[in-house]
Amino acid sequence: MDTITRTLFGLTLYGAADKRELQKNEKRALFVTTLVGSQIPDSDVISRLWDTEGMYQMWHRGITHSIFLVPLFALLIYILVRLLFKVTDIRYFWWALLSVFIHNTADLFNAWGTGYFEPLSDVRVTFGVIPIVDFVYWGIFLVAWLIARRTDISHTVYRYAWAVIVVHVLIQSAQGAYLYQSYAADHDEVALSASFIPTQFTVVTKTDESVSIYSDSVYQEPEVQYELTSADDADLNPLFAENKEAITLKQWSPFVVVVEDDERLGLYDPRFFDGESSFLYEYIEL
């Protein structure tokens, strides 16, 4: 999920709190709690500074997005606001917990996924039913903000906004699950990537060396966009020896397309294929 949406998550969570009896410093503490909580899992971006083995693809949205780190982040935020604003109410811990939980759980639903169960499992959990930038979220937040400006009980409006978001995610998930199951019986591998348009999905399948990319929806017939062939018999050891990011990408992706020709040896994630290549593509020149 993008930084703007993360910020909107924090602001809308702040808006959903009933602040009518809070003092000024308590409101500030709550504001910092929800805003920092909505962003803190993405602090893993600093791992680029010491990544010398091409592991950033796994580190980003890895351990910091684990469900097991949610209480730890919440505790750190709670300690921070206690020190900064001299507040002691335990509810700041629970607001921080909720904010971090929303961040980490929301990232499960896009194609990037998270290491939700790290360190117990390094499997990248991804459902692919919500786009990485979801303009439906933005629309819900905007409408809630416009309505909240005209009422004295704005926190109720923002709580309804959160309910609408949950319904949106459930509807997208139900459609994605239906499409996934409709392809799973006939293919070895299936992966989803949601379009920016609600109800529209890219479905990527792999059977043996054949990879197909479909545009599909529960409301239309599937349309084949691309047919690809993966050189799965290629020896990838030279690639992995020269390009460490390729090892990480192969581990990170649900499955990959292997490219072997006279010029290149490489692999890419077909969920992000645009007709010519994928922006997640690691290779070496031959």
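The values are calculated or read from the model by the stated rules, or taken from the named source; none is laboratory data. The structure presented is a predicted model; accordingly, all values stated were derived computationally and were not measured. FYI the Cβ positions are ideal-geometry reconstructions off the backbone, even for glycines, and counts take in every protein chain you see. The protein model used for the area step is the full one, side chains on, heavy atoms only, and it has no ligands, DNA or RNA in it. Shrake-Rupley method; radii C 1.70, N 1.55, O 1.52, S 1.80 Å.
Per-residue answers, yes or no, for (1) closer than 19 Å to THR3 by Cα; (2) in a helix (DSSP H, G or I); (3) open to solvent by less than 30 Å² (accessible area, probe 1.4 Å); (4) of a type in the set (Asp, Glu):
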| site | (1), (2), (3), (4) |
| --- | --- |
| GLU26 | no, yes, no, yes |
| THR34 | yes, yes, yes, no |
| TYR78 | no, yes, yes, no |
| LEU83 | no, yes, no, no |
| ASN104 | yes, yes, yes, no |
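Among the residues making up the stretch 242-263, those that are free of Cβ contacts under 8 Å to residues at least 40 places away in the same chain and charged (D, E, K, R) are LYS250, GLU260, ASP261, ASP262, GLU263. When the stretch 245-285 is filtered for residues that are within 25 Å of the chain's Cα centre (by Cα) and surrounded by fewer than 16 Cβ atoms within 10 Å (Cβ to Cβ), the ones remaining, listed by number, are GLN251, ASP274, GLY275, GLU276, SER277, PHE279. Here LEU170 meets the list (1) free of Cβ contacts under 8 Å to residues at least 24 places away in the same chain; (2) surrounded by 13 or more Cβ atoms within 10 Å (Cβ to Cβ); (3) under 30 Å from LEU146 (Cα atoms) almost entirely, failing just condition (2).
Mind listing whichever residues of the stretch 218-240 are polar (S, T, N, Q), open to solvent by less than 100 Å² (accessible area, probe 1.4 Å) and within 21 Å of THR207 (Cα to Cα)? Within the stretch 218-240, GLN225, SER230 qualify. Of the candidates SER212, SER173, SER195, the single residue that is over 27 Å from PHE135 (Cα atoms) and among the polar types (S, T, N, Q) is SER212. Scanning the stretch 184-217 for residues that are among the acidic types (Asp, Glu) and open to solvent by 30 Å² or more (accessible area, probe 1.4 Å) gives ASP186, ASP188, GLU189, ASP208, GLU209.
Checking ALA161 against (1) crowded, with 19+ Cβ neighbours inside 10 Å; (2) within 30 Å of ASP269 (Cα to Cα), only one condition comes out false. Which one? Condition not satisfied by ALA161: (2).
The C-beta contact set for the stretch 64-89 (first residue within 25 Å of ARG124 (Cβ to Cβ), second residue in a helix (DSSP H, G or I) and among the hydroxyl-bearing types (Ser, Thr, Tyr), distance under 7 angstrom, 6+ apart or interchain) comprises THR64/SER43.
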